[in-house]
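Accompanying notes for the structure given below.
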Amino acid sequence: MNSSAKPPRRTIYNTDCRPRPARAPRNEVTPPRWEQFSTMLTTAGFPVPATVRDLSELYLTWGLARREETPDGTRWSMPAALPLPGDLLPLDPELTERLDGIRWTMRTGPLLDTLIDHLVNDLGEPAETLTSLDRLAAATGQVVDDVRLALAELVKSGDARVQRGQAPADAERLEAHRRFRLVMDWEHFHENRIQVSRG
């Protein structure tokens, strides 16, 4: 076996196609955001942190961090599962929706990347494919429910249509074994997604 052979490249696609506003530098918190955060803290009965020590105490209170005094000094750790922001603070509907969108993208993004990778690299960007959820699951190494989620996201983004015969089909309600036509809009796909190669 050739030890210098490189592993196959994996292509990752930006699955969040929404335009994003310009951001402040990473180390700065914009005043409106800080005011919003301060208001949420005060409303929930928490002190607004003014120092790193104050912030670390708030993290301990919320269960975002743990502190243990040992003979070697203070040991900090994080729990395996962090609480959701809405469990800690009252969130306004706009922020709740934004955070829900981020969580959904983190859940579906890797599933969608795997499906797209199959369509692009294994099938060569077909305009149309006659397939089923079972077949796509086998081809991508995913479970049927994850393929269904990825397919629904592909349709929702405008990159694809799902049809049974000539009629549109609901990607979220497809039966695992029933065949359907996956019709891709590759022009829309390439205009709205950023391709990043890792290899």
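The values are calculated or read from the model by the stated rules, or taken from the named source; none is laboratory data. Keep in mind that this is a model prediction, so the values were computed, not measured. Cβ sites come from the backbone with ideal geometry, for glycine too, and all protein chains shown count toward neighbours. To get the accessible areas, we keep the full protein, side chains included, count just its heavy atoms, and leave off ligands, DNA and RNA. Shrake-Rupley method; radii C 1.70, N 1.55, O 1.52, S 1.80 Å.
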For this session: Could you identify the single residue in R178, R135 that is more than 22 Å from T105 (Cβ to Cβ) and in a helix (DSSP H, G or I)?
Result: R135
Exercise. Out of all the residues in segment 131-165, which are open to solvent by 40 Å² or more (accessible area, probe 1.4 Å), in contact with a strand residue (DSSP E or B) (Cβ under 9 Å, 6 or more places away or on another chain) and of a type outside the set (K, R)?
Worked result: A139, V155, G165
Exercise. Is it the case that segment 128-151 has a residue that's more than 30 Å from F37 (Cβ to Cβ) and touching a residue at least 60 places away in the same chain (Cβ under 8 Å)?
Worked result: no
Exercise. Is there any pair linking a residue in segment 104-122 that is under 16 Å from M184 (Cα atoms) and in contact (Cβ under 8 Å) with a residue 60 or more places away in the chain to one that is outside any helix (DSSP H, G or I) and open to solvent by 20 Å² or more (accessible area, probe 1.4 Å), with Cβ under 6 Å and at least six apart or on different chains, and which?
Worked result: L112/T15; D113/I12
Exercise. Would segment 147-158 turn up any residue that is part of a loop (DSSP other than H, G, I, E, B) and at pLDDT below 95?
Worked result: yes
For this session: Please specify each residue of segment 114-132 satisfying the condition of being aliphatic (A, V, I, L, M) and either under 16 Å from the mean Cα position of the chain (by Cα) or not in a helix (DSSP H, G or I) (or both).
Result: L115, I116, L123, A127, L130
Exercise. Counting residues that are surrounded by fewer than 11 Cβ atoms within 10 Å (Cβ to Cβ) and modelled with pLDDT of 85 or more, which strands (runs of 3 or more DSSP E) fully inside segment 1-94 reach at least 3?
Worked result: 66-70, 73-77
Problem set entry | Residue in segment 168-175 that is open to solvent by less than 50 Å² (accessible area, probe 1.4 Å), of a type outside the set (F, W, Y) and in contact (Cβ under 8 Å) with a residue 24 or more places away in the chain present | yes
Problem set entry | Residue match in segment 115-122 (condition: of a type in the set (D, E), over 30 Å from T39 (Cα atoms) and open to solvent by 50 Å² or more (accessible area, probe 1.4 Å)) | yes
